[in-house]
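Before any comments, here is the structure.
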Amino acid sequence: GRCISTFNLQIFNRWGEKIFMTTDLETGWDTKVNGEPVDMGNYIYKVSFYDQLNKYYLKTGSILVIR
């Protein structure tokens, strides 16, 4: 595996508002905001990090929350 540094994960709602952010590689999003479950639907993620060779990666995509 790659050694990852400067990790950043952000989750946005359908209006582009940031609803979650972490710089801890071990912390994921529990599909809640302020302790309350989010509505079903699509959410956008943006993750960025540097690997052991200091190469920058940026990945974006969507997550479908269903209950």
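The values are calculated or read from the model by the stated rules, or taken from the named source; none is laboratory data. Since the model is a prediction, treat every value here as computed from it, not as a measurement. Virtual Cβ from ideal backbone geometry, glycine too; neighbours counted across all protein chains shown. These area figures cover heavy atoms from the full protein model, side chains too; ligands, DNA and RNA do not enter into them. Shrake-Rupley method; radii C 1.70, N 1.55, O 1.52, S 1.80 Å.
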Quick one: in region 13-30, which of the residues that are open to solvent by less than 70 Å² (accessible area, probe 1.4 Å) and not in a loop (DSSP other than H, G, I, E, B) is farthest from Cys3 (Cα to Cα)? Ile19
For a quick check of your reading of the model, give me the residue pairs whose first member lies in region 1-29 and is within 16 Å of Tyr56 (Cβ to Cβ) and of a type in the set (Phe, Trp, Tyr), whose second is open to solvent by less than 50 Å² (accessible area, probe 1.4 Å) and in a strand (DSSP E or B), with beta-carbon atoms closer than 9 Å and at least 6 apart or on different chains. Phe7/Thr22; Phe7/Val47; Phe7/Ser48; Phe7/Phe49
Per the filter on region 36-51, residues closer than 17 Å to Thr23 by Cα and either polar (S, T, N, Q) or surrounded by fewer than 12 Cβ atoms within 10 Å (Cβ to Cβ) (or both) are Ser48
Test result for Asp39, in a loop (DSSP other than H, G, I, E, B) and within 13 Å of the chain's Cα centre (by Cα): no
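Evaluate the following for Val33: is it more than 12 Å from the chain's Cα centre (by Cα), open to solvent by 40 Å² or more (accessible area, probe 1.4 Å) and at pLDDT 95 or above? Spell out the reasoning first.
On the way: more than 12 Å from the chain's Cα centre (by Cα): yes; open to solvent by 40 Å² or more (accessible area, probe 1.4 Å): yes; at pLDDT 95 or above: yes.
Yes, satisfied.
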